[in-house]
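Scroll down for the structure; my scribbles are underneath it.
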Ligand code: TNX
């Protein structure tokens, strides 16, 4: 054992000393620092903002008040506690969360619902910041939750750090009124080509929540793996989930673990959209149960990255018994409205068999109380207006959705596929659709991308991360960031307010936030990255 030298002990105490000094300073009644709300680098950019030039300062006396009893004190208290927990590590402040029937005293954060403000809709919020109070109001708890992300972004980036930081913790004063352009703003993580555990999925959820997304699509099955326990067909997970691309050990979520993910997402007002891909992309299921194959022979498990070679046997009754059991168990675990049935790249399914299959599966999904979502190929079947087509490449399929009155989720591969390489030097990912640099991922408009598909036909936008080449959380983050921030803005901010030249400057300031959150990101040469300012730096490494 090496004993510590006295000098080292003093050095180790330095952060504590600085913190004590800052605490003393923050207790004195200094005048508020002038600050310009319009210079803050918010992503997504808010719909409207008025700056009033001063600031509100968080101190160890600041509390969080939630309006009670509206919408049930428990839910609002939980949201207030979420904010308190986010702010605590870096500030060291133990913010007390308390319910109140009246306007709270000066010096605090106040969360209020409902605000009966139709313009704000389901997820909008109004943030009214004065020297005396930060008041966040919304029609719904979901709206408050989105607004809390704005409060995080208005604080110095160091607020995201896990260790104590010096502050000061000031928020520019003014009024923000903000609400999303599209109802659906999501991302997909393919957990089947490579398996990612519960903690990785939760981190992904937290990261998309920071950019106000509200949907997380999980690719739970594919040729290379089946990742969710199905109690009535147990081999799906135990055998079908036992490997992954490259031959690693794979894995699957037990129903309890999956329910935990769903709850974690729900607490962040994020809907989980589970996908079981069929009738193609089914080798893992076919390998687990021979009776699902037309010839009754189970194939070997598959660990390569080819697509389009497998199909369920669409004319066997047992196939629909299987689909019914899987959808029933999944629907019971799914509070959200959609079950995604894949339906893509069925190169070895005859077209008439494919249409027959999708029509039957749509009925099964509906019978279990859910709406069917599927990749754009499903539009060649007879879609109900409640079904949703996810556009990834075919304009004709997108138009077929519109003709049938079904809504569209926009995921053009050339713009939103997060597994597409940034350029020819990117080590991870693929490039069959395009190289997608950070500017290209941002510069497009869902409402004009496909001729004949307009904003009213579109539910929203989603960025999928396919995981053939992605094996761990660092690699996930590198492909997702910073492109996902741009996709989040496309889904939230009106098209007329979006401009790459202005956006890239705001994005440049998010470098400090990525670093504070420990997010591994691609430092594109197209973005004017801004180094963290000194008060955003950690006190120690
Ligand atoms: C196409 S897009 C696929 C996926 C692959 C992806 C790789 C779509 C609906 N299917 O199976 O993982 O390309 O980029």
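Regarding residue 377, is this residue under 23 Å from residue 467 (Cα atoms) and away from the ligand (no atom under 16 Å from the Cβ)? Break it down stepwise before answering.
Values: under 23 Å from residue 467 (Cα atoms): yes; away from the ligand (no atom under 16 Å from the Cβ): no.
The answer is no for residue 377.
Can you say whether residue 181 is farther than 18 Å from residue 50 by Cα and in a helix (DSSP H, G or I), as far as the supplied structure shows?
On the way: farther than 18 Å from residue 50 by Cα: yes; in a helix (DSSP H, G or I): no.
Taking the combined requirement at face value, the residue does not satisfy it.
Those residues that are within 16 Å of the ligand (Cβ to nearest atom) and either more than 18 Å from residue 311 (Cα to Cα) or assigned to a helix (DSSP H, G or I) (or both), I need them from the stretch 210-226; list them, please. The answer is 217, 218. Scanning the stretch 468-477 for any residue that is within 20 Å of residue 409 (Cβ to Cβ) and modelled with pLDDT of 95 or more turns up nothing. Within the stretch 231-244, the residues that satisfy the criterion of being in contact (Cβ under 8 Å) with a residue 40 or more places away in the chain and buried (at least 24 other Cβ atoms within 10 Å of the Cβ) are 236, 240, 241, 244.
Any idea which of 451, 439 is under 22 Å from residue 496 (Cβ atoms), away from the ligand (no atom under 16 Å from the Cβ), touching a helix residue (DSSP H, G or I) at 6+ places or on another chain (Cβ under 6 Å) and touching a residue at least 40 places away in the same chain (Cβ under 8 Å)? If you could, list the steps in order and put the result at the bottom.
Details: 451 fails: touching a helix residue (DSSP H, G or I) at 6+ places or on another chain (Cβ under 6 Å).
Sole residue among the options that is under 22 Å from residue 496 (Cβ atoms), away from the ligand (no atom under 16 Å from the Cβ), touching a helix residue (DSSP H, G or I) at 6+ places or on another chain (Cβ under 6 Å) and touching a residue at least 40 places away in the same chain (Cβ under 8 Å): 439.
The set of residues in the stretch 386-415 being free of Cβ contacts under 8 Å to residues at least 24 places away in the same chain and farther than 16 Å from residue 490 by Cβ consists of 386, 389, 394, 396, 397, 400, 403, 405.
If the requirement is being out of contact with any strand residue (DSSP E or B) (no Cβ under 9 Å at 6 or more places or on another chain), within 16 Å of the ligand (Cβ to nearest atom) and touching a residue at least 24 places away in the same chain (Cβ under 8 Å), which of these qualifies: 418, 465, 428? Answer to the check: 428.
Here no strands (runs of 3 or more DSSP E) wholly within the stretch 366-428 include at least 2 residues being surrounded by fewer than 16 Cβ atoms within 10 Å (Cβ to Cβ). When the stretch 386-408 is limited to residues that are within 12 Å of the ligand (Cβ to nearest atom) and farther than 22 Å from residue 482 by Cβ, the one that is nearest to the chain's Cα centre (by Cα) turns out to be 390. Among the criteria (1) modelled with pLDDT under 50; (2) at positive phi, the one residue 53 does not fulfil is (1).
Go through 240, 246 for me and flag whichever is within 20 Å of residue 467 (Cα to Cα) and within 16 Å of the ligand (Cβ to nearest atom). Let's see the steps before the verdict.
Details: 240 fails: within 16 Å of the ligand (Cβ to nearest atom).
Criteria check complete, one pass: 246.
Look at residue 126 and say whether it is surrounded by fewer than 19 Cβ atoms within 10 Å (Cβ to Cβ) and touching a residue at least 40 places away in the same chain (Cβ under 8 Å). Taking the combined requirement at face value, the residue does not satisfy it. Scanning the stretch 304-330 for residues that are within 16 Å of the ligand (Cβ to nearest atom) and either surrounded by fewer than 17 Cβ atoms within 10 Å (Cβ to Cβ) or on the phi > 0 side of the Ramachandran plot (or both) returns 304, 305, 306, 307, 308, 309.
Scanning the stretch 335-365 for residues that are away from the ligand (no atom under 16 Å from the Cβ), part of a loop (DSSP other than H, G, I, E, B) and in contact with a strand residue (DSSP E or B) (Cβ under 6 Å, 6 or more places away or on another chain) gives 336, 337. Being surrounded by 15 or more Cβ atoms within 10 Å (Cβ to Cβ) and assigned to a loop (DSSP other than H, G, I, E, B) is the filter here; which residues of the stretch 30-58 pass it? Hits for the stretch 30-58 are 32, 35, 40, 41, 42, 43, 44, 45, 46, 47.
The values are calculated or read from the model by the stated rules, or taken from the named source; none is laboratory data. In this text the structure is predicted, and so the values were computed from the model without any measurement. Because the Cβ atoms are built from the backbone with ideal geometry, glycine has one as well, and the counts that use them run over all protein chains shown.
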